[in-house]
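Chemist: Supplied in structure tokens, the structure appears directly below.
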Amino acid sequence: MLLRGKTVVVSGVGAGLGHQVAAACVREGANVALGARTEANLAKCAAEIDPDGDRTAHRVTDIADEAQCEALAALACERFGGIDAVVHVAALDTLMGGLEDADFGEWERVLDINLLGTLRMTRACLPALKEAGGRGGGSVVMIGTQSSVAAPSQVRQAAYAASKGALVSTMYSLARELGPHRIRVNTVQPGWMWGPMVEGYVRWAAESEGVEEDAVRGRLEEKMALPEMATDGDVADTAVFFASGRARGITGQCLLVNAGEIMR
């Protein structure tokens with residue numbers, strides 16, 4: 001168990017990646033404090049991954065609200081005695097479009113959530129992470145996106161890509177700033193990952209084009225080195241690795257989890 005005896009805060013726990021990250025953390029031995037904007041999603045996830053309720057706690061958390069971030073961090077400390085890692089899944093990824101049709105007010109909202117919200121949550125956890133550093137090491141794991149380094153041709157999400165690109169730039173600064181406290185800062189960059197969101201896209205594209213869903217999925221996978229795309233669970237496992245002591249010598253790094261669609 002990579003996270004035995006550790007406590008992890010996970011933001012953005014819904015039906016997809018956030019759920020998978022929380023489940024992987026519990027499976028690897030961690031106590032987990034779950035945050036998301038929707039109470040029903042939190043309760044459902046906690047019941048599924050920890051039926052006895054011994055290893056999870058949850059609180060409604062909007063990372064756009066600093067007080068709510070602080071409350072989630074406080075819950076983790078009160079319930080489990082500290083925080084060893086935080087995994088940032090919460091993000092706004094529904095704004096579509098590019099420059100010509102951009103509403104910069106909406107872009108600001110994306111940046112406020114994806115960049116500043118991640119930093120709010122990190123800062124709220126920082127005192128406890130410093131204590132974890134004194135015990136051997138703390139970890140901040142950001143979820144980025146492949147689209148910040150290679151824009152996909154199928155969809156246009158310029159604001160989302162820009163916000164995640166800014167987050168990677170900030171990661172380098174944080175790795176330097178927090179490194180003396182033995183706090184590592186890394187980013188997982190998923191490409192297309194099979195889970196609820198991509199499944200929904202495949203259904204929509206198939207219906208729009210009048211083709212089979214397998215044809216749409218095959219079109220996505222044909223550029224990948226592996227014969228199938230990574231899953232939400234694959235990305236979650238990578239986040240667990242970064243949160244664990246197995247990655248104790250790794251900081252300021254981005255790792256693509258994309259079945260080899262692009263390589264760098």
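The values are calculated or read from the model by the stated rules, or taken from the named source; none is laboratory data. As the structure is a computational prediction, the values presented were derived from the model and not from experiment. When we count neighbours, we look across all protein chains shown, and the Cβ atoms used for this are built from the backbone with ideal geometry, even at glycine.
Chemist: Kindly evaluate I113 against the criterion of being β-branched (V, I, T) and either part of a helix (DSSP H, G or I) or at positive phi (or both).
Modeler: Against the criterion (β-branched (V, I, T) and either part of a helix (DSSP H, G or I) or at positive phi (or both)), I113 qualifies.
Chemist: Do we have G18 as surrounded by 15 or more Cβ atoms within 10 Å (Cβ to Cβ), part of a loop (DSSP other than H, G, I, E, B) and touching a residue at least 60 places away in the same chain (Cβ under 8 Å) here?
Modeler: So G18 fails the test.
Chemist: Would you please name the residue that is nearest to L167 (Cα to Cα), looking only at residues in the stretch 203-232 that are surrounded by fewer than 19 Cβ atoms within 10 Å (Cβ to Cβ) and aliphatic (A, V, I, L, M)?
Modeler: Only one residue tops the list, namely M224.
Chemist: Further question on the same structure: Name the single residue, out of those in the stretch 74-110 being outside any loop (DSSP other than H, G, I, E, B) and among the acidic types (D, E), that is modelled with the highest pLDDT.
Modeler: Step one: list which residues in the stretch 74-110 are outside any loop (DSSP other than H, G, I, E, B), which gives 74-80, 85-88, 97, 104-110.
Narrowing further to those that are among the acidic types (D, E): 78, 106, 108.
Working: E78: 97, E106: 87, E108: 92.
Among those that are outside any loop (DSSP other than H, G, I, E, B) and among the acidic types (D, E), it is E78.
Chemist: Considering each of L126, L115 in turn, give the residue that is within 12 Å of K164 (Cβ to Cβ) and at pLDDT 95 or above.
Modeler: Answer to the selection: L115.
Chemist: Within the stretch 144-159, take every residue that is surrounded by fewer than 23 Cβ atoms within 10 Å (Cβ to Cβ) and modelled with pLDDT of 85 or more and give me the one that is nearest to the chain's Cα centre (by Cα). Walk me through it before giving the result.
Modeler: So in the stretch 144-159, the residues surrounded by fewer than 23 Cβ atoms within 10 Å (Cβ to Cβ) come out as 146-158.
Next, from what is left, pick out any that are modelled with pLDDT of 85 or more: 146, 158.
Numbers: Q146: 13, A158: 19 Å.
Filtering the stretch 144-159 for residues that are surrounded by fewer than 23 Cβ atoms within 10 Å (Cβ to Cβ) and modelled with pLDDT of 85 or more, the one nearest to the chain's Cα centre (by Cα) comes out as Q146.
Here is a yes/no grid of residues against (1) part of a helix (DSSP H, G or I); (2) surrounded by fewer than 16 Cβ atoms within 10 Å (Cβ to Cβ); (3) not assigned by TED's automatic domain parsing to the domain that holds P127:
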{"residue": "M142", "(1), (2), (3)": "no, no, no"}
{"residue": "A162", "(1), (2), (3)": "yes, no, no"}
{"residue": "L167", "(1), (2), (3)": "yes, no, no"}
{"residue": "S173", "(1), (2), (3)": "yes, yes, no"}
{"residue": "E177", "(1), (2), (3)": "yes, yes, no"}
{"residue": "P180", "(1), (2), (3)": "yes, yes, no"}
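Chemist: If F241 meets every condition in (1) over 30 Å from H181 (Cα atoms); (2) part of a helix (DSSP H, G or I); (3) not basic (K, R) apart from one, which number is that one?
Modeler: Result: F241 passes all but (1).
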